[in-house]
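Colleague: Below is one structure. I have some questions about it.
The values are calculated or read from the model by the stated rules, or taken from the named source; none is laboratory data. All values reported here derive from a predicted model rather than from experimental measurement. Cβ: placed from backbone, ideal geometry, glycine included. Neighbour counts: every protein chain shown. Just the protein is used for accessible areas: all its heavy atoms, side chains included, with ligands, DNA and RNA removed. Shrake-Rupley method; radii C 1.70, N 1.55, O 1.52, S 1.80 Å.
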Amino acid sequence: MNHADDSTPAGARTAPGRKVPDLEGPSFKAPSFKDPALKDPALKAPVKPPGLPRPHPAETADSPRLTRLAAELAAAGPADARAGLLARFWAEAAETGTPLVEPLDGDPDHRGVTFLWRGDPATRQVLLMVNRLMDRADLASSLMRRLPGTDVWHLTYRLRVDHRGSYRIAPDTGDHPAGDLGALSATGVGDPLNPRTVATRWHGPPSSVFELPDAPARPWTHPAHSGAPRGTVRRDQVVSAALGSQREVWVYEPPAGPATDRARPHTDTLVLLDGDMWFGQLHLEDVLDGLIADGAIPPLTVLAPHAVDNATRAREMGGHPEYAAFLAGELLPWAAAHLPVATDPARTVVAGQSLGGLAALYAGYAAPDRFGNVLAQSPSMWWQPPGEPSAETAWITRRYAEGAPRGLRLHLDVGLHEWGMLEQTRDLRQVLRDGGHPVTGTDFNGGHDYVCWTVALAQGLITLLGPGTPPAS
């Protein structure tokens with residue numbers, strides 16, 4: 001597979017003989033940004049998400065396997081017999097992998113999902129951090145229970161059979177004050193009994209992954225079928241006057257056509273935020289290769305800007321016109337001058353997750369002449385410009401309600417365990433539908449989580465660009 005990392009400057013990229021669309025002539029319409037008040041320098045300070053407590057605790061259950069183990073230990077008698085039972089239990093857990101997924105009597109729509117940690121004599125407590133099942137306002141509710149007299153720490157959740165998620169575990173061996181669960185939560189690691197992992201933001205320790213039997217299937221062949229062509233990935237530098245800096249951009253180009261093709265036809269375009277995560281850690285190229293090889297989406301070129309760091313991301317993303325100007329007025333013209341990409345907004349998608357999802361919504365709102373499709377996942381609907389009066393309806397929803405661009409197609413995904421975001425995303429969908437706008441999307445059974453977003457992103461691209469999909473007008 002050729003996923004090259006090429007840092008050659010952007011100016012060296014125009015292929016000889018390639019037709020470059022005219023983005024400077026009369027056919028190019030500069031994006032019009034509809035919130036000039038946001039250009040006020042006083043509104044530059046980043047804003048933070050509200051620390052809303054979980055509306056109700058995640059539901060727990062009793063594990064049939066742990067109940068049986070406790071009964072066996074009680075009846076075992078001598079210490080060596082108890083030690084043998086525990087050794088067999090841990091060998092079984094290592095063989096089957098964790099968490100343990102068990103049916104619950106009389107409840108076919110749910111499973112008991114038991115997370116385990118093998119403690120040692122120094123272990124005082126163990127904090128389980130399952131994405132969005134853990135409530136940061138009530139960390140104590142996520143502490144594992146210890147099976148008395150053993151090294152078995154456990155916590156069982158009752159979860160619907162289509163749940164997918166990630167988690168980390170933080171054992172406390174005395175390095176922090178016993179009551180400082182916030183400090184303990186920063187030390188989480190993956191589950192040593194679970195080989196399935198997912199990368200985390202800013203190169204933190206990987207999280208572990210679990211999926212229940214009815215979790216949505218991956219809509220691509222992975223790995224792509226034998227002999228399938230592979231796309232290429234490289235990194236370029238794009239100078240941005242709007243951002244006042246040079247920005248690294250990950251570029252995915254789809255597999256080349258047959259050798260007899262004289263030139264690759266112009267492809268659809270996806271502008272995907274947080275490229276350093278999607279390509280630098282999650283290897284989205286494998287997903288795209290599979291989708292294209294399966295014919296689920298047409299050949300697609302992806303432009304994925306680097307988010308730089310957390311402070312820069314918070315400062316630029318959201319509803320800032322400067323970032324939308326970079327995407328629509330600088331990045332897309334740069335791509336059209338150097339890559340075989342279509343300039344038709346009907347075949348151009350802007351996509352993002354979390355704060356990037358809000359930025360994608362704003363870019364589609366502000367520059368519909370460049371982006372005909374918006375794919376926003378778990379958008380940070382809480383975001384509003386600093387100084388903006390609070391209102392019951394989310395700021396971006398009010399913008400769309402006051403004048404959503406006609407013909408814009410939107411696909412909005414959000415997790416059932418994303419309290420606050422779930423209700424606000426549903427509200428935006430309803431506002432759009434009431435206004436006659438085409439909107440699709442799912443409420444997936446999971447949290448604010450890349451393992452959910454990856455599958456939903458693939459399905460969203462199929463919905464917006466797949467065969468037989470009516471294009472945006």
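Yes/no matrix, rows are residues, columns are (1) closer than 15 Å to Pro298 by Cβ; (2) aromatic (Phe, Trp, Tyr); (3) in contact with a Ser or Thr (Cβ under 9 Å, 6 or more places away or on another chain); (4) not in a loop (DSSP other than H, G, I, E, B):
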residue: Leu428; (1), (2), (3), (4): no, no, yes, yes
residue: His448; (1), (2), (3), (4): no, no, yes, no
residue: Ala456; (1), (2), (3), (4): no, no, yes, yes
residue: Ile462; (1), (2), (3), (4): yes, no, yes, yes
residue: Gly468; (1), (2), (3), (4): yes, no, no, no
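Colleague: Of all residues in the stretch 277-299 being touching a Phe, Trp or Tyr at 6+ places or on another chain (Cβ under 7 Å) and assigned to a helix (DSSP H, G or I), which is surrounded by the most Cβ atoms within 10 Å (Cβ to Cβ)?
Modeller: Per the stated criteria, the residue is Leu288.
Colleague: Residue check: is His437 crowded, with 16+ Cβ neighbours inside 10 Å, at pLDDT below 95 and in contact with a helix residue (DSSP H, G or I) (Cβ under 9 Å, 6 or more places away or on another chain)?
Modeller: Against the criterion (crowded, with 16+ Cβ neighbours inside 10 Å, at pLDDT below 95 and in contact with a helix residue (DSSP H, G or I) (Cβ under 9 Å, 6 or more places away or on another chain)), His437 qualifies.
Colleague: Here's another thing I want to ask about it. Quick check on my filter: what residues within the stretch 201-230 are touching a strand residue (DSSP E or B) at 6+ places or on another chain (Cβ under 8 Å) and at pLDDT below 95?
Modeller: Pro205 - this is the single residue of the stretch 201-230 that is touching a strand residue (DSSP E or B) at 6+ places or on another chain (Cβ under 8 Å) and at pLDDT below 95.
Colleague: Let me ask something else. When you go through Arg426, Arg399 one by one, which is the residue that is within 24 Å of Pro368 (Cβ to Cβ) and without any contact (Cβ under 8 Å) to a residue 24 or more places away in the chain?
Modeller: So the residue among Arg426, Arg399 that is within 24 Å of Pro368 (Cβ to Cβ) and without any contact (Cβ under 8 Å) to a residue 24 or more places away in the chain is Arg426.
Colleague: Are any of the residues in the stretch 142-158 within 30 Å of Leu52 (Cα to Cα) and part of a helix (DSSP H, G or I)?
Modeller: Yes, there is a match, as at least one residue in the stretch 142-158 is within 30 Å of Leu52 (Cα to Cα) and part of a helix (DSSP H, G or I).
Colleague: Take the residues in the stretch 374-385 that are surrounded by fewer than 24 Cβ atoms within 10 Å (Cβ to Cβ) and not polar (S, T, N, Q); name whichever of them is modelled with the highest pLDDT.
Modeller: The selected residue is Trp382.
Colleague: Would you please name the residue that is least open to solvent (accessible area, probe 1.4 Å), looking only at residues in the stretch 386-396 that are free of Cβ contacts under 8 Å to residues at least 40 places away in the same chain and of a type in the set (Gly, Ala, Ser)?
Modeller: Here the residue is Ala394.
Colleague: Do we have any residue at all in the stretch 410-420 that's open to solvent by less than 40 Å² (accessible area, probe 1.4 Å) and at pLDDT below 95?
Modeller: yes
Colleague: Related question: With the requirement that a residue be assigned to a loop (DSSP other than H, G, I, E, B), of a type in the set (S, T, N, Q) and either at pLDDT below 95 or within 15 Å of Val302 (Cα to Cα) (or both), what does the stretch 337-373 give you?
Modeller: Hit for the stretch 337-373 is Thr343, nothing else.
Colleague: Now, a different point. Would you mind stating whether Arg124 is in contact with an Asp or Glu (Cβ under 7 Å, 6 or more places away or on another chain) and under 21 Å from Val209 (Cα atoms)?
Modeller: No.
Colleague: Also: For the stretch 99-149, which residues satisfy the criterion of being among the hydroxyl-bearing types (Ser, Thr, Tyr) and either surrounded by 19 or more Cβ atoms within 10 Å (Cβ to Cβ) or free of Cβ contacts under 8 Å to residues at least 40 places away in the same chain (or both)?
Modeller: Within the stretch 99-149, Thr114, Ser142 qualify.
Matching residues to (1) open to solvent by less than 80 Å² (accessible area, probe 1.4 Å); (2) assigned to a loop (DSSP other than H, G, I, E, B); (3) touching a Pro at 6+ places or on another chain (Cβ under 7 Å); (4) without any contact (Cβ under 8 Å) to a residue 12 or more places away in the chain:
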{"site": "Pro195", "(1), (2), (3), (4)": "no, yes, no, no"}
{"site": "Arg218", "(1), (2), (3), (4)": "no, yes, no, no"}
{"site": "Pro229", "(1), (2), (3), (4)": "yes, yes, yes, no"}
{"site": "Leu243", "(1), (2), (3), (4)": "yes, yes, no, no"}
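Colleague: Cβ contacts < 9 Å: first residue surrounded by fewer than 21 Cβ atoms within 10 Å (Cβ to Cβ), restricted to the stretch 325-353; second residue in a loop (DSSP other than H, G, I, E, B) and of a type in the set (Ser, Thr, Tyr), any location; separation 6+ or different chain. Result?
Modeller: Pro333/Thr343; Ala336/Thr343; Ala337/Thr14; His338/Thr14; Thr343/Ser27; Ala346/Ser473
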